[in-house]
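S.K.: The structure is given below, and queries will be raised subsequently.
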Amino acid sequence: MMTVQNVEFGTSAPTFRECPDSDLPEFAFIGRSNVGKSSLINRLSGRPGLAKVSPTPGHTKTLNFFNVDGRWSLVDLPGYGYAQKDAAARARFERLILDYLEHRESLAQAFVLIDSRHPPQAIDQEFVRWMLQVDVPFSLVLTKIDRVKPAELERHIGLFAKTFEELGLSPARAFRTSSETGVGRFELLQFIGETIREWEG
């Protein structure tokens, strides 16, 4: 069974060029601002204060790297879709995210977080389409499932599947999670463990 014993902060990279050299597989977490990314990272790692939870959108402004048990890296990416007043800052964040996802050779899997309480948002669908176009390995992570009725959850997942169907593709793997109850943590860690074993060959 995949477990987490030790998590250490590595570095924060404000630009893609400042990303650390690494031979470990990286698992990146990204989603719209306020999707619950920090809470999920804290629950997954078992470290309540690892990622700072903020009520203010756009809190994460750098690529944050964490070493997990010396076997893999957890990477906390800035959220997308936050309407920054500063257009130059918004463009810089977008470039940082896209450069990392498209060009980081040690990226093993990206987890795209989706707020399960709402139907698919246009910005989420656009982001997923871009991920498919550049062939980035990714899975969907439905957050906050403790706050939505099961029937609504399934309806929202079904609507999102149409994004893939329109492109003639099978839907991406979707994990159902709750940072409050811990639902989905085991499944995510098991998937990470399987991916690491494939990475190690």
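S.K.: Taking θ = phi - 60°, what integer Hz values does the Karplus form 6.51 cos²θ - 1.76 cosθ + 1.60 yield along segment 137-147, in sequence order, with x for Gly and Pro?
M.R.: With the stated coefficients, segment 137-147 comes to x, 8, 10, 8, 10, 7, 9, 6, 5, 6, 10 Hz.
S.K.: Something else: At what distance in angstrom do the alpha carbon centres of segment 1-80 and segment 179-194 lie from each other?
M.R.: A separation of 15 Å, based on Cα centres.
S.K.: Given a cut-off of under 8 Å on Cα pairs at least six residues apart, what relative contact order in percent is computed for segment 7-200?
M.R.: 23 percent
S.K.: What is the calculated FRET efficiency for Asp135 to Thr181, with r their C-beta to C-beta distance and R₀ = 41 Å, to the nearest 0.05?
M.R.: 0.75
S.K.: While we're looking at this one, here's another question. Given that just one value was derived from the coordinates, which of (1) 12.1; (2) 15.7; (3) 11.1 is mean projected area of the Cα convex hull in nm²?
M.R.: Of the labelled values, this structure produces (3).
S.K.: So which of Lys61/Lys149; Lys37/Lys149; Lys61/Lys144 end up more than 29 Å apart by C-alpha?
M.R.: Those over the limit are Lys61/Lys149.
S.K.: Which ³J(HN,Hα) values, rounded to whole Hz and listed in residue order, are derived for segment 19-34 from phi using the Karplus coefficients 6.51, -1.76 and 1.60 in 6.51 cos²θ - 1.76 cosθ + 1.60 with θ = phi - 60°, glycine and proline given as x?
M.R.: Residue by residue, segment 19-34 yields 5, x, 5, 7, 10, 8, x, 10, 10, 9, 10, 8, x, 4, 4, 6 Hz.
S.K.: Also, quick follow-up: Have a look at Leu169, Leu140, Leu63 and tell me which one the Gaussian network model of the chain (Cα, springs below 10 Å) gives the largest fluctuation.
M.R.: Highest fluctuation among the options: Leu169.
S.K.: Given a 10 angstrom Cα cut-off, can you work out which residue in Asp21, Asp115, Asp69 is the most mobile in a GNM of the chain?
M.R.: Asp21
S.K.: Under 5 Å between amide H atoms, partner at least 5 residues away or on a different chain: which partners does Tyr80 have, H built in plane at 1.01 Å?
M.R.: Gly31, Arg32, Ser33
Rule-based calculations on the coordinates, nothing more; no lab input. What you are looking at is a predicted structure, and each value in this text was computed from that prediction instead of being measured. Reconstructed Cβ throughout: ideal geometry from the backbone, glycine too, with neighbour counts over all protein chains shown.
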